[in-house]
Amino acid sequence: MFTPVNRPILRVSRSFTSLNGPFTPASGPVASPAGGRHTVRMAHVDWSFPYPSQRMPVLGEEIVATSQPLAAQAGLNVLRAGGNAVDAALAAAITLTVVEPTSNGIGSDAFALIWRNGVLHGLNASGRSPAAMTRKRFGDRSAIPPHGWDTVTVPGAVASWVELSQRFGDLPFDRLFAPAIAYARRGYLVSPQTADAWQRAAETFKDFPDWQGTFCPSGRPPQTGERVILPDHAATLEEIATTGGESFYSGRLATAIAGASTQAGGLMTADDLAEHRNDRVEPLDVTYRDLTLHELPPNGQGIAALIALGVLEQFPDDPAINSAQWLHRAIEAMKIGFAVAHE
């Protein structure tokens, strides 16, 4: 059983198969190229370390970067099985819902920028609010409550997995779920950061029995190094894989989600789930010096970064990194970006 209680953020770093130079990251999953092979020509690499933390650059033929090593391994295994970069990004994203459920979930939204055949494709897979949701629902509140069914929109991540796989992937859709299902069914050892986040989440959702039953079945969150097994999560992923996502929006899983909503006093219905559609969008971009940053248009936050770079581009000089002037300009530019983005 899957019970969404929030809107986790899903972030999967760029997956690529050849790195000869710098690339521009973007919000949400990014994958390139067609067929999984490409070369980026580089004019210059600065190997200096301006920060106290000296993380070495990683160069390789096949690289997948995520916030959890098990998910990165899942992406690498897909590449080695003949998948392309999109397949790897999807496999990693799906695996993150199991091995790092504190930050990623099946109930997430998704945003993607995909570079293929010389064209940058944008996908906004964030869901809508239930059709029955109106301003009257919140009375005199100045903001939507932070927790509970009134915060839940139709989850778009599953739909994004389906569309990205169909449009850009090479491997069968169900093959991308194999690592995640294996970890959910056989278990995995919880990492330190995930254990800390799990502890905080247990306190945040202490009044949500479905959450507690799913993620704290022994009555407490798992500790670092403990093995976690999520059999219901595995069954849910298997059903999504075998039905091509159909069950999640118009089948048994959709019925279960709508039923949980009704039971808890939420407004989401089976019709809301069935009517979900992804939006193919035209990316926005801004040139800063000799670089171009691409972002998705709102409702994401990427436009704030574009506005900030547009402000910084007006200055003819670049102060020393981390100097007072550098920090002042960057902070003020981002303040302007967010202020405009949230108007």
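Here are the numbers for this structure:
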quantity: Stokes-Einstein D for region 45-141, Kirkwood Rh over Cα pairs, 37 °C, 0.692 mPa s (µm²/s); calculated: 195
quantity: Accessible area in square angstrom per residue, region 171-280, 1.4 angstrom probe; calculated: 52
quantity: Rule-of-thumb Rg ratio for region 93-172 [Cα; 2.2 N^0.38 Å; N residues]; calculated: 1.39
quantity: Farthest positive-ward along region 181-223 dipole, Cα basis, beta-carbon charges - from Thr214, Ala195, Tyr183; calculated: Tyr183
quantity: Full-extension gain in nm, Asp46 to Glu313, via 0.36 nm per residue minus C-alpha separation; calculated: 94.0 nm
quantity: Taking the C-alpha atoms of the chain, convex hull volume expressed per residue in Å³; calculated: 157
quantity: Nearest-20 debye value, region 221-339 charge dipole, Cβ charges on Lys, Arg, Asp, Glu; calculated: 260
quantity: Alpha-carbon centroids, region 116-192 and region 250-315: separation in whole Å; calculated: 10
quantity: Carbon + sulfur, % of accessible area of region 187-343 - ligands and nucleic acids excluded, 1.4 Å; calculated: 55
quantity: Expected-Rg normalisation [2.2 N^0.38 Å, Cα atoms] applied to region 202-333; calculated: 1.64
quantity: Label-point separation in nm, Ile144 to Asp210, each point 7 Å along Cα→Cβ; calculated: 1.7
quantity: Nearest-0.05 FRET efficiency for Thr255 and Asp279, computed from C-beta distance (R0 35 Å); calculated: 0.85
quantity: Amide H contacts of Asn278 (H built 1.01 Å from N, under 5 Å, at least 5 apart or other chain); calculated: none
quantity: Area projected by the alpha carbon convex hull of region 239-279, averaged over all directions, nm²; calculated: 3.0
quantity: Approximate spin-label separation Gln301-Val340, in nm, with each point projected 7 Å along Cα-to-Cβ; calculated: 1.8
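The values are calculated or read from the model by the stated rules, or taken from the named source; none is laboratory data. Since the model is a prediction, treat every value here as computed from it, not as a measurement. A quick note on method: Cβ atoms are made from the backbone with ideal geometry, for glycine too, and the neighbour counts reach across all protein chains shown. Each accessible area value is taken on the protein alone, full model and side chains, heavy atoms only, with ligands, DNA and RNA left out. Shrake-Rupley method; radii C 1.70, N 1.55, O 1.52, S 1.80 Å.
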